[in-house]
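Visitor: Dropping the structure in here first, questions after.
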Amino acid sequence: MKPSILALALVLALPVAANAQGHSHKGPNGGELVDVAGGHAEFVDTPTEIALHLSDEDGKPVPAKGATGKATILSGGKTETVDLAPAGGAKLAGALTKPLASGDKVVVSARTADGRKIQVRHVER
Amino acid sequence: MTFLKNDAHGRPRGRAAGLAMLILATCFAAPARAGGGDDHSHGPAPASSTAAAQGTPRVSIQSDLYQVVGTLKGDRLTLYVDRSEDNEPVTGATVSVTVEGEAMPAAPNDDGTYAVSSPHLAEPGSNDLVIQVAGPDGEDLLIAALVVAEPARPVAEAGAGHVHPGMPFLAHLKEWLGQPEPGRAWALAVFAVGLAVGLALRSRRMRPAAFVAGAVLVVALTGTAFAHGGEDHDHDAPTATPGSNTPQRLPDGSVFVPKPSQRILEVRTTTAKPTEVEGATRLIGKVIPDPNRGGLVQSIGGGRVIAPEAGMPRLGQAVRKGEVLARVERPIIQADQAIVVEKVGEIEQQIGLAEAKLARARKLVASGAGTAISVSDLEIELEGMRRRRAAVSDIRTTPETLTAPADGVIASTRVVAGQVVQPQDVLFQVVHPGSLWVEALSFEDAPTGTGTTALTVDGATLRLEPKGVSRALQQQATVLQFAVVDPPDNLRVGQPVTVLAATGTSATGIVLPRNAVVRGTGGEAMVWRHAAPERFEPRQVRVEPVDATRVVVRAGVKEGERVVVRGADLINQIR
């Protein structure tokens, strides 16, 4: 009967998982906290850089060492890509040529050292 | 059970044999149970919800502006771009896809989709796609992961290496016993072992050992049985998912409708926004003719119907006021006929006498003995009597003429030539098709609001103008009359309509078109929520009518949710 219980748990967990997706709220660094595979990613932008702060399921920071990422910015009909690199601690950052304007859209595709894929979409308010 | 009962007072040897048989029975029963479990464990629940993803690699993303769904065939990705707001396909947009750092413009297809080809897309694993859409509604940047399945793994891999860690010995035994699939040989083996155990139990020396062996066997075999039920569960590879591009109902009640199907069904959505609307009550009504335009044609005396020169009027024929529709020949009963004959005879007799008198008077005038006055008196008398005779005999031949009471068309005819009708039978109804009324019954206070509409059975909407409210109750109901503004051609007198009369009170709610509300299997009102680009969720709602075309949702839909307004009934039929 154990496998049935497992399956039941799986079925029950599915809607929860579905709910979890796309659920976002404020993170500890003042940015948008997004649930990603194996933890959370917090998107923070300053006038000079954009950064992802990685944390695990419990919200503890995860070192960004070895992680790589790429951000695509859509601003005024033009796209621009920014490479993100580890910037100490749990931070994965890339420099901005100009600050994000309202309505600009940013998508980040990153990969951690252990191969987890992180996708974040952000719309500047 | 019968064995046990008999053995209770039987010899010890018999009891032992009974026990052996019981063990045997258990052993047989256990695999049987395992077999039953096998089918159960193929739970469709987890498989189908991901079935869509497993058949064709697809991405499905949405933002505030656009919904993008892509399906991969070979190395060609077909993109369906729709507006998030109303699910309308976006054509003429500039779409580009970036995969592995390579940006490629997507070429528009004839059917309103966009296509892009790249060998990177077909690479197994999870590929990040960055999709840029520049359309009439604005520009957007979306990101999604396209998961392409690894090439099929060997089947053995799926089954092997699956051992529960908790009970190593038993599990190994189970595997060892369970690997060869049970068949006839398996049953035979069980029988043989059971026989051996039974024989051993009969012998005094072997009995303790046999007991232990039997017990171990039972545990091991029943264990195998359970192990079997579980095996099918853990197969990761999906079982056949035929055509993932087919709409299907998912186990949680929601419906998967792929974008190609949505475009064929023309599924459109709207975003739920609360607005203030005037409440309405629903009344049952029917179409009646305007009493001033049209009317009934009846015979006063009854009789036999005679067709006029132009023939009997047919249904739908346009008639003018005063136009002859039919003639009715009056019946004359036997006694009356005798009186008429008698009267005619009497008049004829008087005429004969008068004619003789007149001839005599003329002779006298000619001879100079009579006066001219007496001749003219007789002439007048004779003329009068001839007229009387004509009138009396005409009674039998002059029919009653039935004419149209008003301009209009023949709405109903219940008569054929030669038919004998009773007085006051309704023979024709003349209706003016341009002026029809609706009569409705209200069992509560008569609604006072303006802007009344009516809904016909086939879904047409009528605009109504209030005409009158009855001061006297009819069958405990107030009668309301409305004139139909610009009645459609297919509106018929007597047709039932649902009148939605504004109550004059207003309330806030989410207003949806009536077509958005469909009936669930239990007859409950539901709407379909567009939860994901290709997924629709049923939502039970409580609705109240606003007018013939709109309803207000009082509960069940939250602000900002997208609800299907067109094609909801088609989605509702997907099983």
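The values are calculated or read from the model by the stated rules, or taken from the named source; none is laboratory data. Since we're looking at a predicted model, the values are computed, not measured. Positions of Cβ are generated from backbone atoms using ideal geometry, with glycine treated the same way; all protein chains shown enter the neighbour counts. To get the accessible areas, we keep the full protein, side chains included, count just its heavy atoms, and leave off ligands, DNA and RNA. Shrake-Rupley method; radii C 1.70, N 1.55, O 1.52, S 1.80 Å.
Visitor: Return the sequence-ordered ³J(HN,Hα) values of region A:77-91 in whole Hz as given by the Karplus equation 6.51 cos²θ - 1.76 cosθ + 1.60 applied to θ = phi - 60°, using x for Gly and Pro.
Guide: x, 10, 9, 8, 10, 10, 7, 9, 9, x, 10, x, x, 9, 9
Visitor: Taking a probe of 1.4 angstrom, what is the accessible area of B:Val546 in Å², to the nearest 10?
Guide: The value for B:Val546 is about 10 Å².
Visitor: For region B:105-150, state which residues have at least 40 Å² less accessible area in the presence of all protein chains than in their chain by itself, taking the probe as 1.4 Å and leaving out ligands, DNA and RNA.
Guide: B:Asp128, B:Gln132, B:Glu139, B:Leu141, B:Ile143
Visitor: Got a sec to turn the phi values of region B:127-135 into Karplus ³J(HN,Hα) couplings, 6.51 cos²θ - 1.76 cosθ + 1.60 with θ = phi - 60°, whole Hz, x for Gly and Pro?
Guide: Values, residue by residue: 10, 7, 10, 10, 10, 10, 10, 10, x Hz.
Visitor: Just the accessible area for B:Thr450, please: 1.4 Å probe, Å², rounded to the nearest 10?
Guide: Its heavy atoms expose roughly 110 Å² to the probe.
Visitor: Using amide H atoms built 1.01 Å from N in the peptide plane, name the residues 5+ places from B:Val541, or on other chains, whose amide H lies under 5 Å from its own.
Guide: Residues meeting the criterion, in which the H sits 1.01 Å from N, are B:Ala525, B:Met526, B:Val527.
Visitor: Run the reach check for B:Lys286 against lysines, Cα to Cα strictly under 21 Å, same-chain hits fewer than 8 apart removed. What comes back?
Guide: Straight-distance partners of B:Lys286: B:Lys467.
Visitor: Still on this structure, I have one more. Given a 1.4 Å probe, how much area per residue of region B:58-148 is accessible, in Å²?
Guide: Accessible area per residue, region B:58-148: 38 Å².
Visitor: A further question follows. At a 1.4 Å probe radius, carbon and sulfur cover how many percent of the accessible area of region B:58-148?
Guide: C and S fraction of accessible area: 48 percent.
Visitor: Can you give the relative contact order of region A:24-123 as a percent, counting alpha carbon pairs under 8 Å and 6+ residues apart?
Guide: Values: 244 pairs, mean separation 24.9, N = 100.
That works out to 25 percent.
Visitor: Buried accessible area between B and A (1.4 Å probe, both chains summed, ligands and nucleic acids excluded), in Å² to the nearest 100?
Guide: It comes to approximately 1700 Å² buried between B and A.
Visitor: Inverting the mean 1/r over all pairs of different Cα atoms, compute the Kirkwood radius of region B:294-403 and quote it in Å. Can you show the working numbers first?
Guide: Working: mean 1/r = 0.0566 Å⁻¹.
Taking the inverse mean of 1/r over all distinct Cα pairs, region B:294-403 comes out at 17.7 Å.
Visitor: Filter the trypsin sites (Lys or Arg not before Pro) in region B:408-489 to those in DSSP coil with at most 16 other Cβ atoms within 10 Å of their Cβ, and list the result.
Guide: Filter output for region B:408-489: B:Arg414, B:Arg471.
Visitor: Any of A:Lys65/A:Lys105; A:Lys60/A:Lys117; A:Lys65/A:Lys117; A:Lys70/A:Lys98 with alpha carbons more than 23 Å apart? Name them for me. Present the calculation step by step, with values, prior to reporting the outcome.
Guide: Values: A:Lys65/A:Lys105 26 Å; A:Lys60/A:Lys117 18 Å; A:Lys65/A:Lys117 14 Å; A:Lys70/A:Lys98 17 Å.
Pairs exceeding 23 Å: A:Lys65/A:Lys105.
Visitor: Give me the accessible area of B:Val518, 1.4 Å probe, in Å² rounded to the nearest 10.
Guide: Looks like 10 Å² after rounding.
Visitor: Follow-up question, since we're still on this one. Of the heavy-atom accessible surface of region A:24-123 (probe 1.4 angstrom), what whole percent is carbon and sulfur?
Guide: Whole-percent figure for carbon plus sulfur exposure: 53.
Visitor: Additional query: Mean separation of Cα pairs under 8 Å and 6+ residues apart, divided by the residue count of region B:58-148: what relative contact order is that in percent? Intermediate results must be reported in sequence, preceding the final value.
Guide: Working: 209 pairs, mean separation 25.3, N = 91.
Once divided by the residue count of region B:58-148, the mean separation gives 28 percent.
Visitor: Related question: For B:Trp528, B:Trp437, give me the order by solvent-accessible area with a 1.4 Å probe, most accessible first, ignoring ligands, DNA and RNA.
Guide: Largest to smallest exposure gives the sequence B:Trp437, B:Trp528.
Visitor: Under 18 Å Cα to Cα from B:Lys259, which lysines show up? Leave out anything in the same chain fewer than 8 places away.
Guide: B:Lys73
Visitor: Taking the Cα centroid of region A:73-125 and of region B:329-387, what is the distance between the two, rounded to the nearest whole Å?
Guide: 125
Visitor: Still on this structure, I have one more. Show me the three semi-axes of the equivalent ellipsoid for region A:24-123, from the C-alpha gyration tensor (sqrt of 5 times each eigenvalue), largest first, rounded to whole Å. Spell out each step's value before the answer.
Guide: Values: eigenvalues 89, 39, 28 Å².
So the equivalent ellipsoid measures 21, 14, 12 Å along its semi-axes.
Visitor: Next question, about the same structure. Taking the alpha-carbon centroid of each part, what is the distance from region B:547-564 to region B:436-466 in angstrom?
Guide: Using only Cα atoms, the two centres lie 22 Å from each other.
Visitor: Which aspartates and glutamates does A:Lys78 reach when only Cα atoms under 12 Å apart count, and residues fewer than 8 places away in its own chain are ignored?
Guide: Within the straight-line limit of under 12 Å, A:Lys78 reaches these aspartates and glutamates: A:Asp104, B:Glu139, B:Asp140.
Visitor: With every protein chain left in place, what is the accessible area per residue of region B:277-400 in square angstrom, probe 1.4 Å? Don't skip to the end; give the middle numbers.
Guide: Working: 7920 Å² over 124 residues.
Accessible area per residue, region B:277-400: 64 Å².
Visitor: What is the mean projected area of the alpha carbon convex hull for region B:58-148, to one decimal in square nanometres? Walk me through the intermediate numbers first.
Guide: Values: hull surface 20.1 nm².
Averaging across all directions leaves 5.0 nm² for the Cα convex hull.
Visitor: Using amide H atoms built 1.01 Å from N in the peptide plane, name the residues 5+ places from B:Gly408, or on other chains, whose amide H lies under 5 Å from its own.
Guide: Those qualifying (amide H under 5 Å, at least 5 residues apart or on another chain) are B:Val319.
Visitor: Each label point is 7 Å from the Cα along the Cα-to-Cβ direction; what then is the distance between the points at B:Glu100 and B:Thr521, in nm?
Guide: In this crude label model, B:Glu100 to B:Thr521 measures out at 4.6 nm.
Visitor: Where in region A:89-125 does accessible area fall by at least 10 Å² between the isolated chain and the complete protein assembly, at a 1.4 Å probe radius?
Guide: A:Lys105, A:Val107, A:Ser109, A:Lys117, A:Gln119, A:Arg121
Visitor: Quick one: net charge around A:Ala51, please, counting Lys, Arg +1 and Asp, Glu -1 for every other residue with C-beta under 11 Å from its C-beta.
Guide: Within the 11 Å Cβ shell, the charges total -2.
Visitor: Suppose R0 equals 60 Å; then what is the FRET efficiency for A:Lys98 and B:Thr275 from their Cβ-Cβ distance, rounded to the nearest 0.05? Working shown, then result.
Guide: Values: r = 41 Å, r/R0 = 0.69.
For A:Lys98 and B:Thr275, the calculated efficiency is 0.90.
Visitor: Further question: Quick one: which residues, 5 or more positions from B:Leu129 or on another chain, have an amide H under 5 Å from its amide H? H modelled 1.01 Å from N in the peptide plane, none for Pro or chain starts.
Guide: Amide H neighbours of B:Leu129, under 5 Å, 5+ apart: B:Ala144, B:Ala145, B:Leu146.
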